[in-house]
Each structure stands twice: as C-alpha cells, then as structure tokens.
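Take a look at the structure below.
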C-alpha cells in the first residue's frame, strides 16, 4: 500500500513540474539514445562485413609489381598476362585468377564527354569482386578471347553522361577513340575508399591489352583463395610460381608484392568495435551527467516541498515512506528518460540502417541494459535527496517559508 501510494505521489509530482522534469531527463535521453543507436549500428556494420566475406566464400589476395627503391624503381619488373596464366596453370591450389589492366580514358556519348577509369579484366572478375550486373550481362570468355569491343558501365556513369542506364544499354560509345557497345550496367556498390566501382567502365582483358592500352603489362592480379587454404599458404604458392616466372634466384628479393585484403577487413572490424566502445563510453558519461542533473533537481524539489514533507510527517508519514517517495520519483524520471532515449535511438538506428541497406535488428540487450542503467542512475543519485527529505523534522519543516 505504501509503495502504491509513493508511486502515485511521485507521478503527481512529476506532472506538476512537467517542463522541468522533461528538461531534467534530456541528458538521460541523449545518453540512452546514443547507446541504442551505436550498438545497433555497430552490430549491423559488423554483420555487413561478415556477410561480404561469406558471400565471397573465399579470401582475396592481390599481387602488385614491386615499387622498387631509388634507381631500382626504373628497372622494376612488371607483372604481365603471362604471369597470371602461370598461376592459372598451377594446380596446387584451386584458386581463381583475375589479372587487371587499369587506366583512364575519355568516354564520349552524344555531346557529352567525361574522363573515366577503365578496368580490363577476365570474365570471372564479377564473381571474385562480389559485384552484380542489374541490366544486360557481363562479358564472357569468348568475348575476351575474340577481343570484342563490349563494355559494362558502373551505375553512376549514365548520370555523368546526363542520360539513363536504360538508354545507354545496347548503344555505342567512344572509349579512347575506340567504339564499344554497352552490354551491361553494374549494381551500385558505393565507394571503397580509394576507388568507386560505380564510376568505372569494365572491358575484356585482351580487348584492353590490344585495342585500348596496347600493353601486356597488368596493374594487378586478383587471386581468390578457397576457404580450405589459409592466405599464408596461398601467398607461399604465389611466391613460388612468380619467382620461377621472373627467374629470381635464391636469396634475391621478390620484384612483386602480395596484399592480403582480409587484414584490412580485420582492421575495419577492430576500428568499428573501438569506435562503438568510444561512443558508448561517452554515452555512459552523458547518463552520469544526467544523473547529477536529476540529483540537483530532486534537491530543489525537496527544498520547494519542505512544508509538504513536514505536514505529511506530522500526519504520520514514516521515515521510510518519505524516503521511498523521493527515490521512486528520481528513478521514474530516469526511466522515463531511458524509454524516450530507447525510442529515439531505435528510430535513429532504423533510419541509418535503411539508408545503408543494412538488416535492422532490435538490440534487445542494449535496450534492457540502457533502461536498467538509467534506473540505477536514478536510484544512486536519488538516495541523497531522499534521505535529506526523510530526515527533516516535522516542526522545522512546517515553519519553513
């Protein structure tokens, strides 16, 4: 009965000073919303990274020519198509090889002309990269061997040419003075930091080598390693094959380098976890600051209601009843702020998840933890004002002006 009466009195007190109560809970709302949003965003980003690795079903390595140092840079040995063929012929690991020739050329269509990044690759480039074609098709091995002048454009190219992807499909464009037919349009992938697949054009490797760039040298060789082998094992095999092809003797340094992109994925995971922990820490501080605000307001409330407290004690209210009333009021303020923060944080997380095309999953553990922590903050910071109120002498309280 005392508990029910204390809850009712606490709610009435909050309603009586509604604006002040709402302003008091702002820090609690911000802190809780930050926790919910960052936990949700962090988990969705982590899931997206994991899904990208799972979709690839393998680890991807990239082989590049060695940069060389000083005067050696001029004499650095390039990678050529024959190196990629040697890796394809090696059957020790069932990997997939995709050499790439890259460069910039002018792209003309109608009255529009832009400079564009050109990627010459093999037919398996799409699968290795995890990209998709949403209109038309990708080029085939037959297209590559026949040096056909066919191209696939990124999703943003049509916008730069001030037309639509549908209008470009099947049309001829001028790429570096060579006429190509657009046979496909890529799905939007977004920027990867150092390049944007949406702003590139893709053509067959031999077409790029013989008709566009006039060179056998490739800029990189992408190697997809099955999950049955570790990246380290694959790197040893790649090194064995290329050292043989480049006639590198024992004790001599490699004139090529191998990058394990999974290392960058691991770093991205770590960065996401660290960033989430940092934001959650800041949110925790915000909750503590909010708790201090609640304590200050409760102290003011005790001062304002001194005569009320004295009257209640004179009518028989016990020390425990007064203590419970003010503790419940402080906890209620923090819970209200916590619930409002959960709603705001979930809404923010939902908007970002939809924008990034992530799977939206309600972070129940974060919600439960945030509301519980908010209640604990209210309990902790409400005890002192509650004790101060409970310790007032009735006679002194009734004389208070």
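The values are calculated or read from the model by the stated rules, or taken from the named source; none is laboratory data. The structure presented is a predicted model; accordingly, all values stated were derived computationally and were not measured. Cβ sites come from the backbone with ideal geometry, for glycine too, and all protein chains shown count toward neighbours.
General observations
- The residues of the range 306-319 that are buried (at least 20 other Cβ atoms within 10 Å of the Cβ) and within 12 Å of residue 13 (Cβ to Cβ) amount to a single one, 309.
- Strands (runs of 3 or more DSSP E) fully within the range 109-214 that include at least 3 residues being over 30 Å from residue 226 (Cβ atoms): 112-121, 172-175, 178-186.
Table: residues versus (1) at pLDDT below 90; (2) surrounded by 21 or more Cβ atoms within 10 Å (Cβ to Cβ); (3) within 13 Å of residue 223 (Cβ to Cβ); (4) touching a strand residue (DSSP E or B) at 6+ places or on another chain (Cβ under 9 Å).
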position: 75; (1), (2), (3), (4): yes, no, no, no
position: 103; (1), (2), (3), (4): no, no, no, yes
position: 143; (1), (2), (3), (4): no, no, no, yes
position: 154; (1), (2), (3), (4): no, yes, no, yes
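- Residues of the range 353-376 that are surrounded by 15 or more Cβ atoms within 10 Å (Cβ to Cβ) and in a helix (DSSP H, G or I): 353, 366, 367, 369, 370, 371, 373, 374, 375.
- Residues of the range 247-263 that are at pLDDT below 75 and surrounded by 12 or more Cβ atoms within 10 Å (Cβ to Cβ): 261, 262.
- Residue in the range 179-197 that is surrounded by 14 or more Cβ atoms within 10 Å (Cβ to Cβ), touching a residue at least 60 places away in the same chain (Cβ under 8 Å) and within 30 Å of the chain's Cα centre (by Cα) present: yes
- Of the listed requirements (1) over 22 Å from residue 84 (Cβ atoms); (2) free of Cβ contacts under 8 Å to residues at least 12 places away in the same chain; (3) in contact with a strand residue (DSSP E or B) (Cβ under 9 Å, 6 or more places away or on another chain), residue 164 misses just one: (3).
- If the condition is being more than 17 Å from residue 20 (Cα to Cα), at pLDDT 85 or above and surrounded by fewer than 22 Cβ atoms within 10 Å (Cβ to Cβ), then the range 320-352 contributes 339, 343, 344, 346, 347, 348, 350, 351, 352.
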